[in-house]
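Data block below; observations after.
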Amino acid sequence: MEDEQLIKQVLSGQQAAFHQLVLKYQNFVFTITHRVLSSREEAEEAAQDTFLKVYKTLSSFEGKSKFSTWLYSIAYRTAIDLARKKKLPIDSIDNDDHYLQIKDSAKARPDDILQQQDLQTTLQMVIERLKPIDATLITLFYLHEKSIKEIVEITGLSKSNVKTKLHRLRETMRTELADLLQNEAEDLL
């Protein structure tokens with residue numbers, strides 16, 4: 001069922017429709033809150049708070065953006081607020097330019113798929129080493145394929161700030177991946 005239909009049902013008092021929205025988005029909301037907070041317990045708390053806020057303010061959703069973008073911005077800001085409250089680091093790292101690309105595995109051979117899975121595991125390790133805000137930006141842009149415009153709406157950062165951070169994070173990640181893969185190659189020899 002489409003989000004718009006579920007929202008109308010929730011606003012007309014149908015609790016089951018909200019449950020469907022929660023089921024549809026709970027994993028991604030948790031991913032965002034976990035990227036910011038790095039603690040499973042705190043991320044779960046922030047995710048629950050997010051859905052509570054969404055339920056209480058759903059009537060204020062105007063439909064100017066996708067529901068998912070509105071929801072993710074609430075999740076992100078809820079996690080940031082909790083991180084600030086608990087004085088957790090949320091600032092950013094900066095570097096320079098290259099681009100990160102991962103091959104589409106839709107028509108890949110089994111050995112290519114295994115190699116792709118290894119790369120994704122390594123990529124996950126690198127993302128976990130980033131500061132929470134940076135991990136969130138990378139997750140939104142590369143793993144969840146959100147546009148710059150949607151990331152701006154979610155994070156509240158300016159468009160130029162998002163572009164600059166992503167640009168710098170590509171180099172940071174490229175360097176980290178190269179170092180990790182170099183170390184793995186040396187371990188094999």
* For T33: the one exception among (1) crowded, with 18+ Cβ neighbours inside 10 Å; (2) in contact (Cβ under 8 Å) with a residue 60 or more places away in the chain -> (2)
* Residues located in region 31-71, provided they are of a type outside the set (G, A, S) and under 18 Å from L130 (Cβ atoms) -> T31, I32, T33, H34, R35, V36, L37, R40, E42
* Asked: Could you say which residue among A47, A16 is farther than 17 Å from A75 by Cβ, in the same structural domain as I74 (by TED's automatic domain parsing) and part of a helix (DSSP H, G or I)?
  -> A16
* If you check I80 against the conditions, is it under 17 Å from the mean Cα position of the chain (by Cα) and modelled with pLDDT of 85 or more? -> yes
* Taking region 44-67 as the region of interest, how many residues are within 19 Å of the chain's Cα centre (by Cα), modelled with pLDDT of 90 or more and of a type in the set (G, A, S)? -> 2
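The values are calculated or read from the model by the stated rules, or taken from the named source; none is laboratory data. Note that this is a predicted model, so its numbers are computed, not measured. With ideal geometry, Cβ positions are generated from the backbone for all residues, glycine too; neighbour counts draw on all protein chains shown.
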